[in-house]
Amino acid sequence: MSGGTIMDTMTSLPHQNEQNVIRHLTNLVKAPASNDDDIKKKEESIMELGNMLAQNKQTEELRKMIEQTRPFLVSLGKAKAAKLVRDLVDLCLRIDDQDGDIKVGLVKECIQWATEQNRTFLRQTLTARLVRLYNDLQRFTQALPLAADLIRELKKVDDKDVLVEVELEESKAYYNLANTGRARASLTGARTTANAIYVNPRMQSALDLQSGILHAADEKDFKTAFSYFYEAFEGYDSVDEKAQALVALKYMLLCKVMLDVPDEVNSLLSAKLALKYNGSDLEAMKAIAAAAQKRSLKDFQAAFGAYPQELQMDPVVRKHFHSLSERMLEKDLCRIIEPYSFVQIEHVAKQIGIDRSKVEKKLSQMILDQKLSGSLDQGEGMLIVFDVSTPDEAYQTALDTLHAMGEVVDALYSNASKLN
C-alpha cells in the first residue's frame, strides 16, 4: 500500500479501535494472495498484526497466527520466509511476564516446521533462539546440550554469525551453573569467531558484557572488568539499548565498590553518558557505595534488604555478596577500633551488632592477613592495637645493597671457578 503502512491507514480512521484493527488485519492475513501486490500487503499485515499482539501480550494468539501463516510462507522465497518467521518469533520472545512453556512450545513448533520444509538455515537460527530462551528462563541444563550440538553443526557449515551467538549463550549457561572455566572457554571461542567477521554493535556489547562478568567472577580482576563493562555500556548506548546499557552501568558501579573507590560512584553517574540513566538499580548501587564510604555494615545490610530485586536477585551481584559483606565487616571493624589502643572484644561486638565469637574470629583473620596491626589477649578478652610505624627507607636501601653485593660476589666466584 502506498503512502504508509496498513497500520497507518487503519488507525487514521476515527471509528476504528484496537480490536477492530486486529480483526481487520487477521482477515487480511487469512485472505489468499494472488499477485505481487497482495503478497506484499499480506507480509505487511502479518508483521503489523504480530506487533499488535506482542504489545498486548497475547502470546497464544500470536502462536496461532504464526501457525495460520505457514501455508503462505511456503509460497515465499526461503530467505524472505526465514526473515518473517525469525521476526515473528523474536516478537514472541520479547513479551514479558508470560508463560515460558508457551514460548518454548512456539519455537519448537517453528523448528519442526523448518525441519519438515528442509530449511536448514532457518532451523539453525531458531535453535539458537531456543538456546537463548532457555537461558532467559534459567533452564541452563536444557540449554547446554542443545548449544553443544548446534555448535558442532555450525562449525561444519562455517556459519560464523550464528556460531558467535550460540557460543556466547553457552558461556552464559556455564557461568550460571558455576563452571567459570568452561564459560571462559566458550567465550574465547565466541570472541575468536567474532574477530573473523563483522559483528554488529549489539552483539559486540554482549561479548564485552560477558567478558567483564567473567573477569570479575574468575580472576577477581575488577579493573579489567570495569573496562569491559564500560565498552559494553558505550556500545548499548550507541544502539539505544537502554535496558542492557543500564545493566552494564550497574556493573561498572559494582566494580568501583569492589575496587574500594566508592567515592567515584557519584562522579561516574554525573558523567555525560550516564546522566540520562536512572532507576532502582542505580539507586541500589548508590546505597551500597554510600555504606562503603561510611564503612557501615549496618547500612550495607539495610541496602541489601531495601533492594532485594536489584541486588539479591541479580546473579552477578549475588555471586559477589559474600566478598562484599566480608569487606564491609572489615571496614566497620577498622572504623570502630580506630580510636583505641586497647579495646574489649565484647564492646566491639556490641557496637557492630554481631556475635562476639564471630568478631574474635574475624579480628584474628585480619591480623594474620596483615590487614590489622595488633594482637588478641584472649585471657582478658582484649584487642591490643599497635601503632603502625612508617617503614625506614634507609633499612630497605641497606637490604637492597647487601642483596646486590651478594649477587656480585656470586658472579665473581663463578668466573674465578672457570679460570681454575
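The values are calculated or read from the model by the stated rules, or taken from the named source; none is laboratory data. Only a predicted model underlies this, so the values are computations on that prediction, with no experimental measurement involved. When we count neighbours, we look across all protein chains shown, and the Cβ atoms used for this are built from the backbone with ideal geometry, even at glycine. Note: areas computed on protein heavy atoms with side chains; ligands, DNA, RNA excluded. Shrake-Rupley method; radii C 1.70, N 1.55, O 1.52, S 1.80 Å.
Under the rule of -39500 (n - 2.57) per DSSP H run of 4 or more residues, summed and divided by the residues of the chain, what mean residue ellipticity at 222 nm is obtained, to the nearest 500 deg cm²/dmol? Kindly include the intermediate steps, with their values, before the conclusion.
Values: 22 runs with 305 residues, N = 420.
Here the helix-only value at 222 nm equals -23500 deg cm²/dmol.
If you take percent of Cα pairs over 34 Å apart from the coordinates, which of [x] 47; [y] 34; [z] 53 do you get?
Read-out from the structure maps to [z].
Within 10 Å of each candidate Cβ there may be at most 14 other Cβ atoms; applying that plus a DSSP loop requirement, which trypsin sites (Lys or Arg not before Pro) in segment 295-371 survive?
Passing both the DSSP loop test and the Cβ count: 371.
Based on the Cβ-Cβ distance from residue 380 to residue 276, what FRET efficiency comes out when R0 is 41 Å, to the nearest 0.05?
Using R0 = 41 Å, I get an efficiency of 0.10.
From the phi of every residue in segment 151-161, what ³J(HN,Hα) in whole Hz does the Karplus formula 6.51 cos²θ - 1.76 cosθ + 1.60 yield, where θ is phi - 60° and glycine or proline is x?
4, 4, 5, 5, 5, 5, 8, 6, 8, 6, 4
Just how much of residue 222 is accessible, in Å², when a 1.4 Å probe is used and the result is rounded to the nearest 10?
Accessible area, nearest 10 Å²: 10 Å².
Return one number: the angle in degrees, 0 to 90 and rounded to the nearest 10, between the long axis of the Cα atoms of helix 280-294 and the longest principal axis of the Cα atoms of the chain.
0 degrees
Could you tell me which of rounded, prolate or oblate describes segment 107-259, using a ≥ b ≥ c as the square roots of the eigenvalues of the alpha-carbon gyration tensor, with rounded for a/c under 1.5 and, failing that, prolate when a/b is larger than b/c and oblate otherwise?
Judged from the Cα gyration tensor, segment 107-259 comes out prolate (a/c at least 1.5, a/b above b/c).
Quick one: net charge of residue 106's neighbours, Cβ under 15 Å, K/R +1, D/E -1?
+2
Anyone know which of 162, 265, 348 comes out most mobile in the 10 Å Cα GNM of the chain?
348
Apply the a/c threshold of 1.5 to the C-alpha gyration tensor of segment 261-420 and tell me whether it is rounded, prolate or oblate.
oblate
Please give the solvent-accessible surface of residue 101 in Å², to the nearest 10, using a probe radius of 1.4 Å with every protein chain present.
Only protein atoms counted, so the area is about 90 Å².
Give the long-range amide H neighbours of residue 382: residues separated by 5 or more places, or on another chain, with amide H under 5 Å away, using H modelled in the peptide plane at 1.01 Å from N.
345, 377
Could you report segment 343-403's accessible area per residue, 1.4 Å probe, as an integer in Å²?
Heavy-atom accessible area per residue stands at 72 Å².
Counting only C-alpha contacts under 8 Å and six or more residues apart, can you give the relative contact order of segment 156-278 as a whole percent?
After rounding, I find 18 percent.
How high is the relative contact order of the chain, in percent, counting Cα pairs under 8 Å that sit 6 or more residues apart?
6 percent
Using the alpha-carbon atoms, what tilt in degrees (0 to 90, nearest 10) does helix 201-214 show relative to the longest principal axis of the chain?
30 degrees
Using a 1.4 angstrom probe on the protein heavy atoms only, line up 320, 215, 347 by accessible area, largest first.
347, 215, 320
In degrees from 0 to 90, rounded to the nearest 10, what is the angle of the helix 120-136 Cα long axis to the longest principal axis of the chain?
With both axes taken from Cα atoms, the answer is about 50 degrees.
Taking 8 Å as the Cα distance limit and 6 or more residues as the minimum spacing, I'd like the relative contact order of segment 230-286 as a percentage. The partial results should precede the final answer.
On the way: 35 pairs, mean separation 17.3, N = 57.
Here the relative contact order equals 30 percent.
At a 1.4 Å probe radius, carbon and sulfur cover how many percent of the accessible area of the chain?
50 percent
Is segment 162-239 rounded, prolate or oblate when judged by the Cα gyration tensor, a ≥ b ≥ c being the square roots of its eigenvalues, rounded requiring a/c under 1.5 and prolate requiring a/b larger than b/c?
Oblate, since a/c reaches 1.5 and b/c is not below a/b.
For a 28 Å ceiling on Cα separation, which of these pairs sit above it: 256/371; 40/64; 41/276?
Beyond 28 Å: 41/276.
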